[in-house]
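Visitor: Here you go, one structure.
The values are calculated or read from the model by the stated rules, or taken from the named source; none is laboratory data. Being a predicted model, the structure only gives us computed values, none of them experimental. Don't worry about glycine lacking a Cβ; one is built from the backbone with ideal geometry, like all the others, and counts go over all protein chains shown. Remember, those area values only see protein heavy atoms, side chains included, never the ligands or the DNA or RNA. Shrake-Rupley method; radii C 1.70, N 1.55, O 1.52, S 1.80 Å.
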Amino acid sequence: MNVEKVINTLPTDEDNNVVMELYNCFISPEGFIKRFDGNGASLSYEWLYNHKKTTPTWKNQFESWKEQGLID
């Protein structure tokens, strides 16, 4: 997972921040990567949903992105 991949995969605003539309907030791509880092880190639904730092709020957002076809 890298900044370019995050920006090209997830919804972003005009400043390239990742937009969590369900909660009307955002996080920088670098902050997103830092939060969900680890050996084998990926932008897959399974990796993100099961990450140790994933909260119920993030789980809801990941489910929404999966339903939208943004992550597999």
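Visitor: Quick one: in the stretch 53-71, of everything that is of a type in the set (D, E, K, R) and more than 18 Å from G38 (Cβ to Cβ), which residue is farthest from the chain's Cα centre (by Cα)?
Guide: So the residue we want is E67.
Visitor: Pairs, please: C-beta under 8 Å, at least 6 apart or cross-chain, first residue over 11 Å from L22 (Cα atoms) and in the stretch 53-72, second among the aliphatic types (A, V, I, L, M) and open to solvent by less than 60 Å² (accessible area, probe 1.4 Å)?
Guide: Filtered contacts from the stretch 53-72: T54/L48; L70/L10; I71/L10; I71/L43; I71/L48.
Visitor: A further question on this structure: Exactly one condition in (1) open to solvent by 80 Å² or more (accessible area, probe 1.4 Å); (2) in contact with a helix residue (DSSP H, G or I) (Cβ under 7 Å, 6 or more places away or on another chain); (3) of a type in the set (S, T, N, Q) is false for N16; which is it?
Guide: Failed condition: (1).
Visitor: Hey, another quick one. Applying the selection to the stretch 46-72, what residues are surrounded by fewer than 17 Cβ atoms within 10 Å (Cβ to Cβ) and assigned to a helix (DSSP H, G or I)?
Guide: Passing the criteria: E46, Y49, N50, P56, T57, K59, N60, E63, S64, K66, E67.
Visitor: Scan the stretch 49-67 for residues that are of a type outside the set (K, R) and either within 18 Å of C25 (Cα to Cα) or at pLDDT below 95 (or both) and jot them down.
Guide: Once the filter is applied, which keeps residues that are of a type outside the set (K, R) and either within 18 Å of C25 (Cα to Cα) or at pLDDT below 95 (or both), the stretch 49-67 yields T54, T55, P56, T57, W58, N60, Q61, F62, E63, S64, W65.
Visitor: For a quick check of your reading of the model, give me the residue pairs whose first member lies in the stretch 3-22 and is in contact (Cβ under 8 Å) with a residue 24 or more places away in the chain and over 13 Å from W65 (Cα atoms), whose second is open to solvent by 50 Å² or more (accessible area, probe 1.4 Å) and part of a helix (DSSP H, G or I), with beta-carbon atoms closer than 8 Å and at least 6 apart or on different chains.
Guide: Matching pairs, first to second residue: V3/E30.
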